[in-house]
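A short write-up of the structure that comes next.
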Amino acid sequence: MEKNNFFQDFQQRVNKALENSPARDIEKNVKAMMTQGLSKLDVVTREEFDIQAQVLAKTRARLEELEARLAEFEAQMKDRP
């Protein structure tokens with residue numbers, strides 16, 4: 001446990017040092033540049049992707065249901081005189 005505390009303390013100290021250093025400004029600038037660059041591309045957020053994946057799954061399930069009903073209906077029509 002002592003090693004774990006050492007690493008946690010070390011990490012906290014590094015984080016504090018970075019918050020007050022030019023590295024933090026560089027990080028902010030890089031994030032801003034990446035955000036701006038990605039906004040020009042045709043990408044979606046993870047949340048938007050997950051929503052569309054759910055819609056697709058529901059649509060696929062509904063399609064399978066309708067295909068089964070159609071096959072049943074066609075079989076009934078085929079058996080009619």
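The values are calculated or read from the model by the stated rules, or taken from the named source; none is laboratory data. Keep in mind the model is a prediction, meaning the values are calculated, not measured. A quick note on method: Cβ atoms are made from the backbone with ideal geometry, for glycine too, and the neighbour counts reach across all protein chains shown.
Per-residue answers, yes or no, for (1) hydroxyl-bearing (Ser, Thr, Tyr); (2) more than 26 Å from the chain's Cα centre (by Cα); (3) on the phi > 0 side of the Ramachandran plot:
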site	(1), (2), (3)
ASP42	no, no, no
THR45	yes, no, no
ILE51	no, no, no
GLN54	no, no, no
LYS58	no, no, no
ARG62	no, no, no
LEU66	no, yes, no
ALA71	no, yes, no
ARG80	no, yes, no
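Regarding LYS31, is this residue assigned by TED's automatic domain parsing to the domain that holds GLU19 and either surrounded by fewer than 10 Cβ atoms within 10 Å (Cβ to Cβ) or at pLDDT 80 or above (or both)? So LYS31 fits the description; yes.
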